[in-house]
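Peer 1: Pasting a structure below so you can have a look.
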Amino acid sequence: MNTMVGTRKFAPRPVLVTLAIALILAGLAASSSGAVSIPWSNLPRLLWGQAAPGDAMLQNILVDIRLPRVLFSVVAGAALAASGVTMQALFRNPLAEPGLVGISSGAAAGAVLAIVMTMGGFFVVASMAFAGSLLATYLAYVVGSRYRGVAGLLLAGIAINTIASSVIGVLTYLADDAQLRDLTFWILGSLAGADWSTLAWIGPWTLLLLAYLLVQWRVLNALLLGEREAAHLGFDLAAVRRRLIAVTALIVGPMVAVTGGIGFVGLVVPHVVRMVLGAHHRYLLPASMVAGALLLTLADLASRLVVSPAELPIGLVTSLVGGPFFFWLLMRGRTAAR
Amino acid sequence: MKRYWLALCLCGLMGAQAACAAQRVVSLGGSVTEIIYELGQGGRLVADDESSVYPEAATRLPRVGYYRTVPLEGVVAMRPDLVLASRNAGPPKTLERLRGLGVELVSVSDSPSIDSLYERIGQISGQLGVGQMGDALIQRIRGEVASAQALPATQRRALVPINRSGPFLGAGGGTAADAVLALAGLKNALAEQKGYKQVSAEGLVTLAPDMIIVSSASVKASGGMDKILAQAGVASTPAAREGRVVALDDLLILGVGPRVGQAIRSLKEAAR
């Protein structure tokens, strides 16, 4: 597909700055709107003391509910987009994405298995989600690298998604009513669970791994050139692959454990950014992270506003945007190949 | 406004001011909402959830989603001074955080049994400061149940299939339907099964129920009673042969609510 090697159309720095400003604005909008709207002008007052009487509820909503959620959507969006970029370079395939390849559903299957079988607490569920994502990534890699081009990976993704959803299906049948309500959360995805205590561990963990990915841009560029070329450039490909797969699973696994399956961010964002900036990973990676954060922040805002005071699962919102985009991508690829 | 003053007067009479202060109540769970209205306190509700479908007035209130996936901010936004939540409401973490934010949240008994119904009425009426009305309601239901249970029981094997969209789901042990059948002196043909599971046409024939009770919504979803009788498997059951396939209001058969006495009576009449 031509999008992989598309040439740069815009200078990277202005684009990055624009994205960053847009993210800040989106963050402010997300902090001020919701079931209760808080005027922008009140934000500083609510955040930094001098609260007027009657502000207590607004302050609670802003500080304890919205802020951790907005920050979480920023981290999660960046993580999903960055793992999309990494996998696309790793598999040398523009369609690689945690959801499509089955990593997210592998993680969901692991989580659901833990919920139904063990009755274990959060850490049992999260580690099972991680194990599931690791296994799915490994399988996708093994099968996907046997075939040239898109087919192998997509077929592997279909197989993994089928296995994962049948595991989830069987467990749904076994689950009691109380467990069922937890399962829908994993399958549809939600940021409702985001609070300060979750953010306190998943935030630093994810940011650390994202920083690691950022400095890997040379390897990712080399991978794009092809195996032999990368080897000539002095990279030990087998080791690089193993490392990048592990890092992707380490990012996606715990994230899915907290948010459930949020699809398509990892596919849509890198594609759009690549159209604008080209495939140079030095810029593609950071720009995708910021754009992913922006997209997920807006998606979460939409999920909170559309049916307010109720909420939509965020996975629904991203799939509504992502599904048609994916379709368009496939149509476009076909015409380009002719 | 009228109701407000009425409530205020009641509060003054009973002197239970702390409980009576609650004028902005959010209800989470249809079985809770139903009782609040039954106690005549519906006017104090500012929001409920998607599962609150009875009475009709409950469906016109703002909805904070489904009671099992409660949105934190949505509830806080209603500025409730009391949240009455079914014990099945959740997720637990959200309820915990609601309490952490200083929202008065009271968890109310909600399992499919008549004891739970009495407990629920007691808890809700206590929280709303209308304890005497609660006691009166419990007495009324006890009376209705006792007189309905005094009617002769048949011990027939009954099956309760529900149809939302597609195949029948049979109500097994631990469901509200199972509890209502037991109260009416009927045997659940699916007592061994836990919860709601799909019943095949062959399964229907093997189970050979003497009586089939379908909820009125299921009749509607199936496209009428004729369609149900024409379904594969149904015609071969003793229930169909003996003309004991009956429709019952959803609230009567799929929950143990304030009209449980009426449910028992209807079932016993249909079983004869």
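The numbers here are math on the coordinates, done by the rules we state, and not lab data. Owing to the predicted nature of the structure, the values given are computational and were not obtained by experimental measurement. Here the Cβ is made from the backbone with ideal geometry for all residues, glycine too, and neighbour counts use every protein chain on show.
Peer 1: Please list, or write none, the lysines whose alpha carbon is within less than 25 Å of the alpha carbon of residue B:220, excluding same-chain residues fewer than 8 places away.
Peer 2: B:197, B:268
Peer 1: Restricting to Cα pairs below 8 Å that are 6+ residues apart, what does the relative contact order work out to for chain B? Please round to a whole percent.
Peer 2: RCO, chain B: 15 percent.
Peer 1: Fewest first, what order do A:10, A:123 take by the number of other Cβ atoms within 10 Å?
Peer 2: Sorted ascending by nearby Cβ count, the order is A:123, A:10.
Peer 1: Now a separate question. On C-alpha positions alone, give me the angle between the axis of helix A:122-144 and the longest principal axis of chain A, in degrees, nearest 10.
Peer 2: 20 degrees
Peer 1: I'd like the projected area of segment A:72-337, averaged over all directions, using the convex hull of its alpha carbons. Report it in nm² with one decimal.
Peer 2: 13.8 nm²
Peer 1: If you don't mind, another one. If you place +1 on the Cβ of every Lys and Arg, -1 on the Cβ of every Asp and Glu, and leave all else neutral, what size is the dipole of the protein assembly as shown about its Cα centre, to the nearest 20 Debye?
Peer 2: My answer is approximately 1660 debye.
Peer 1: Next up: Leaving out same-chain residues fewer than 8 places away, which aspartates and glutamates sit with a Cα under 20 Å from that of residue B:227?
Peer 2: Leaving aside aspartates and glutamates fewer than 8 places away in the same chain, those within reach of residue B:227 are B:202, B:210, B:242, B:249, B:250.
Peer 1: If you don't mind, another one. Binned at 10 Å from 0, what are the whole-percent values of the Cα-Cα distance distribution for segment B:117-272, short to long?
Peer 2: All Cα pairs, binned at 10 Å, distribute as 12, 39, 31, 14, 5, 0 percent.
Peer 1: Tell me the mean residue ellipticity at 222 nm calculated for chain A from its helices only (DSSP H runs of n ≥ 4, each -39500 (n - 2.57), averaged over every residue, nearest 500).
Peer 2: -25000 deg cm²/dmol
Peer 1: I would also like to ask the following. Where does helix B:114-127 land angle-wise versus the long Cα axis of chain B, in degrees 0 to 90, nearest 10?
Peer 2: Here the helix axis deviates by roughly 20 degrees.
Peer 1: Using a Förster distance of 22 angstrom, determine the FRET efficiency expected from the C-beta separation of residue A:28 and residue A:306, and round it to 0.05.
Peer 2: The formula returns an efficiency of 0.65 here.
Peer 1: Just need the relative contact order of segment B:49-199 here, percent rounded to a whole number, with Cα pairs under 8 Å and 6+ apart. Show your work: numbers first, answer last.
Peer 2: On the way: 195 pairs, mean separation 20.8, N = 151.
With pairs under 8 Å counted, the relative contact order is 14 percent.
Peer 1: Moving on. Would you list B:237, A:318, B:206 from fewest to most Cβ contacts within 10 Å?
Peer 2: B:206, B:237, A:318
Peer 1: I'd like the per residue volume of the convex hull spanned by the Cα atoms of the protein assembly as shown, given in cubic angstrom.
Peer 2: 172 Å³
Peer 1: Straight-line reach only, C-alpha to C-alpha below 28 angstrom: list the lysines that residue B:93 could link to, leaving out same-chain residues fewer than 8 apart.
Peer 2: B:194
Peer 1: Given a cut-off of under 8 Å on Cα pairs at least six residues apart, what relative contact order in percent is computed for chain A?
Peer 2: In percent, rounded to a whole number, it is 33.
Peer 1: Ok, one more. How high is the FRET efficiency from residue B:182 to residue B:60, r the C-beta distance, R0 41 Å, rounded to 0.05?
Peer 2: For R0 = 41 Å, the calculated efficiency reads 0.75.
Peer 1: Would you please put A:289-299, A:304-314 in order of how densely packed they are, using the mean number of other Cβ atoms within 10 angstrom per residue and starting with the highest?
Peer 2: Going by the mean number of other Cβ atoms within 10 Å, highest first, we get A:289-299, A:304-314.
Peer 1: Still on this structure: When the Cα centres of segment A:96-141 and segment B:67-87 are compared, how far apart do they sit, in Å?
Peer 2: The two parts, judged by their Cα centres, are 31 Å apart.
Peer 1: Also, I was wondering about something else. Rank these for me by crowding, B:226, B:49, going from fewest to most other beta carbons within 10 Å.
Peer 2: So the residues, fewest neighbours to most, are B:226, B:49.
Peer 1: Is it possible to state the helix-based mean residue ellipticity at 222 nm for chain B, with each DSSP H run of 4+ residues giving -39500 (n - 2.57), the sum divided by total residues, to the nearest 500 deg cm²/dmol? What is it?
Peer 2: -12500 deg cm²/dmol
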